[in-house]
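Please treat every number below as a calculation from the coordinates, not as lab data. Note that the structure is a prediction, hence the values are computed from the model and not measured. FYI the Cβ positions are ideal-geometry reconstructions off the backbone, even for glycines, and counts take in every protein chain you see.
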Amino acid sequence: MTDITSARPVTDFSDTPEEREFELRAAVGSYWTGGRLFIGMFTFLLASEAFAYFYLRSSNNGQLWRPGNVTAPTGIGWAIYSVVLASAVIAIFGQTRLRKGYVLDWEVAGWTAVLGGLLAIGLQIWQLTELPFFPGSSGYASCFIGWAVMNIVMILGGTYWMETAVARSLRMRSITTGDGPDQLVVARSLRMQSITTGDGPDQLVVARSLRMRSITTGDGPDQLSSTPSGQIFRANVSACTYFWGFMAVGSTLFWVMFYLI
Amino acid sequence: MTISAEREREVAYPDPTPPSVGWFQGLPARPGWLSQHLGTAIIGAVLGYLLGHWLGNVVASGYTNVANSGVNAIANTGGIALGALGWLAGIGAINYPLAKIIGKEPAPEFETTSWSRYFRYTADHKVVGMQYVIGVLTFLFTAGLLAMAIRTELLSPSSHVFGPGTYISIVSEHGTMMMMMATSVVVGPLGNWLIPLMIGARRTAFPRVEAFSFWIFSAGYLTILTALPYGGFPTGWTGYAPLQTQAGGGMISYLAGFALIGLGMMAAGFNLGVTIINYRAPGMTWSRVPIFVWAILSTCALLTLATPTLVAAGLFGILDHTAQTAFFVTEHGGSSYLWQNLFWFFGHPEVYIMALPGFGIVAEILPVFTRKPLFAYKVAAAGMLGVALLSFFVWQHHLFQSGINPDMRPLFMLTTELISIPTGFIFLVGMGTLYKAKIRFEVPMLFALAVFFNFLIGGVTGVFLSDVPVNVTVHGSFFVLSHFHYTIMGGLIFAFFGGLYFWLPKMTGKTMNKKLGQIHFWFMFIFFNFTFFPMFLIGLLGQPRRVFEYAQNLQTLNDISSISAFILGASFLVFIANFVWSIFIKPTPSPANPWDSLGLEWQTANPVPYYNFERIPVVLNDPYHYSEHDAAAVADMGDPVLVGAVAPTGDGGGDTTGDDPVTPAE
């Protein structure tokens, strides 16, 4: 048995450039993997709803799957679907602009998608107040209520994700284009959080980069794209956009299920 | 000053004067009772519950059917939902999500060695792991007390301690709590604590998601506890409709509690899965990943993909009770079988969510105490992935007796029997490792060996149960009950305790008392078998589950089972006594590597630094080359003195003092 109580003392934390590079790749990869896994989770959630839909449809217990072929308000359904689809397309377009370096274009697209998401949620809630059936009147009615709740949760999630990405982008812009001690405090905050909360040594580099920049050159946000934080930011935006694409696909499938077939 | 020199100065840790980051990110994360902690979480939960309940009453007050029913499910649901939200808000879980809306960064957290960190929302995976240890043990012991109540009632076939309604409520609460606990019993404590260390990472990928998983898990525990004051629920842990739709307020606690636990499971699986994929240290190839990590990765796949179905089913159930939908009401176009399908699509993978981590622990322990390499490592990893994959294709065997199309039975019988093949792989890996080994019978090894004994019985009876004729014969009997207790308690819980005895010295820096550990093991092992083996016979003789009366001729077997259960319960008191004595009352510092393990988690400092490794290790070999004198070192730890300071290989593996470090392979 190793007859020691401590292999070595706890020492100060620091990292080498190689370790920073490793952490950066891991952080970027985590956004990639996490974004896809998040979609996988939502896929199974929506698959459960789809299973319920087809199971009750095929069972048609008491001939109560969809008596009278009643349908949820079609106009509002079209509107929700259109808004989600348009918002997703805009988000995807924004990301292509971001890849080319047009940050402002992406920010505008992002805000538009956020507004679209909020509008879709509002429409979905409004639709629930306009239903021509009682929730428990049929299998279709039950499934529709279930879908409406899931749709609100899904769109709310995507909207929140996009909003936080845009807000972070704007905040980083204000940090880097401004001057004075406030920026130093925020930069230092970034550095501290990266050290203490485990939010990634990547932040460490950008904090220092931001601080150095604000002190010396006053470079603008365009420079951010090459920083580690910029890479992580783009990975986050990429995952978020991917999720918006997923929402569009999911909305399409359930729109067909509830309004067309 | 050069940039590189400045960089070194810049990143020195810790910075003594952290900046303020504004009011919006909540109370300061500094240690101290003015910040957010368990106390504020409790206050938030109580206030949230009261507000939600009041709102629910306001919303439903105009509906006569609610007023006449005597149960306002909307108020119950509102109370639980806002109570859980208040709990999370009180602990500080939503500070950052709110701050993020205006683009702010997370508030800084300060490393502290104070015990108060265990009562806070923290990004340190080791603290979260220890929080989970206490959390799951609380869960386990609460549900264990309910088990004692069940066995007390079954001491006599006709004299009753409880009425039938109370009895079924206790049975349901016991089963649900145990299942909830078991889903996280390894992933939560040991997974969170160990995985980053085992793969050479300084952190997890999403530390706040990890912390969220624990606090939502604990909210689920509190939620399911509320079922009892609400009158309990009569469905058992499976929650079958139509009983579900007819049940009272306790059913909401069941549905909401399971959904909250499900969210926690998804969060934990998400974070650990992403961490394993992305944060493996350089050189930690898939063929060098510890087998426990493979087990957790397989489990994470199930947690993230199967659990959403449970959450969806819970949502549908809650909608049936609140919005008056009819998902599970056959008379209104729904189907009670829909619940069964959704529940078991989650529920059977859940069995492997519980089994796989146990296999991982055992496979990790065996090489250390046999001083042999893990036999057929790749087969074990493949077996775990195979089990995870196949587990999605067997759920309908739970419906053999519930109206499934008879033509479908052979298919699901086949898939169920197929899953015994990769399970058998894992079992044989253990046997191969034990073959001709000089075993060190330390306490963790005793538990590991018991897992093989118990799981063999549980597994073989499982193969019987997968066959339709046997299934039809013993369905709903104590035979089934005994089978799954042998697999879950005999497999997972024994493995969990083996893992605790194995890794607690690393986690706490203290040595558990060996004598008390042995007493705990032998009492637990012997009386576990005396408790549950008679149940096979009881079941074959026709005693059904969840019924509080039984035939007179079964009393002897039931009494053997009950008395053994009481002693089994008492054996856990020995563990608690050992834990309290060894960790708090008379702590004995643990050696850095008490078992001479080659695992990477044992190679860092003790106590483990906040960032785990001073240098990110470069992995050179897998950690199972025991007794191989020419084996390369496990890792380059980045310190010249300790470059080759992998754990000495004890009596079979060369140097034991660390004076002659092994040079890493080029």
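Remarks
- Multiplying each eigenvalue of the alpha-carbon gyration tensor of segment B:188-274 by 5 and taking the square root yields semi-axes of 33, 11, 9 Å, largest first, rounded to whole angstroms.
- Taking a Cβ cut-off of under 13 Å around B:G103, the surrounding Lys, Arg, Asp and Glu residues balance to a net charge of +2, with basic ones at +1 and acidic ones at -1.
- Listed residues B:H125, B:F525, B:F400: farthest to the positive end of the dipole of segment B:122-585 (Cβ charges): B:H125
- Sorted largest first, the spans of the alpha carbon positions of segment B:230-335 along the three principal axes are 59, 28, 18 Å.
- Peptides B:470-476, A:246-252, B:186-192, B:494-500 ordered by packing proxy, namely the average of other Cβ atoms within 10 Å per residue, highest first: B:186-192, B:494-500, A:246-252, B:470-476.
- Cα centroid separation, segment B:536-555 to segment A:24-38 (Å): 53 Å
- A simple charge model with +1 on the Cβ of Lys and Arg, -1 on the Cβ of Asp and Glu and nothing else charged puts the dipole of the protein assembly as shown at about 660 debye relative to its Cα centre.
- Distance from the C-alpha centroid of segment B:422-474 to that of segment B:239-301: 24 Å, rounded to the whole angstrom.
- Inter-label distance, nm, simple model (7 Å from Cα along the C-beta direction), A:S82/B:D630: 7.6 nm
- Cα gyration tensor category, rounded, prolate or oblate, for segment B:417-464 with a/c compared to 1.5: oblate
- The Cα atoms of segment B:77-199 cover 65, 39, 25 Å along the three principal axes, with the biggest extent listed first.
- Quick note on segment B:415-499: its Rg to Rh ratio, both from C-alpha atoms and Rh being the Kirkwood radius, is 1.04.
- Convex hull volume per residue for segment B:485-533, taking Cα atoms only, in Å³: 55 Å³
- Spacing of the modelled spin labels on A:I152 and B:N65, each 7 Å from Cα toward Cβ, amounts to 1.9 nm.
- Once the C-beta distance of A:Q63 and B:V161 is scaled by a Förster radius of 56 Å, the resulting FRET efficiency is 0.70 to the nearest 0.05.
- Largest-first ellipsoid semi-axes for segment B:35-105, taking √(5λ) over the Cα gyration tensor eigenvalues, angstrom: 31, 14, 7
- Relative to the current alpha-carbon distance between A:R25 and A:V89, full extension at 0.36 nm per residue lengthens the span by 20.2 nm.
- About the Cα centre, charge dipole magnitude for segment B:414-515 (Lys/Arg +1, Asp/Glu -1 at Cβ), debye: 740 debye
- Dividing the Cα radius of gyration of the protein assembly as shown by its Kirkwood radius returns 0.97 for Rg/Rh.
- Space enclosed by the convex hull of the alpha-carbon atoms of segment B:122-585, per residue, Å³: 140 Å³
- Taking the convex hull of the alpha carbon positions in segment B:532-599 and averaging its projected area over all directions gives 8.1 nm².
- Calculated [θ] (222 nm, deg cm²/dmol) that DSSP helices of n ≥ 4 give over the protein assembly as shown, each run adding -39,500 (n - 2.57): -21500 deg cm²/dmol
- Segment B:594-614 and segment B:163-230: distance between their alpha carbon centers, rounded to Å: 26 Å
- Modelled FRET efficiency - R0 56 Å, B:L47 with A:F54, Cβ distances, 0.05 increments: 0.85
- Calculated P(r) of segment B:457-573 - Cα pairs past 17 Å, %: 60 percent
- Simple Cβ-charge dipole of chain B, Lys/Arg +1 and Asp/Glu -1, about Cα centre, in debye nearest 20: 620 debye
- Extension gain, B:D559 to B:F141, is 148.3 nm, computed as 0.36 nm per intervening residue step minus the present C-alpha separation.
- Note on B:A382 and B:F441: with the Förster distance fixed at 22 Å, the Cβ-Cβ geometry gives a FRET efficiency of about 0.15.
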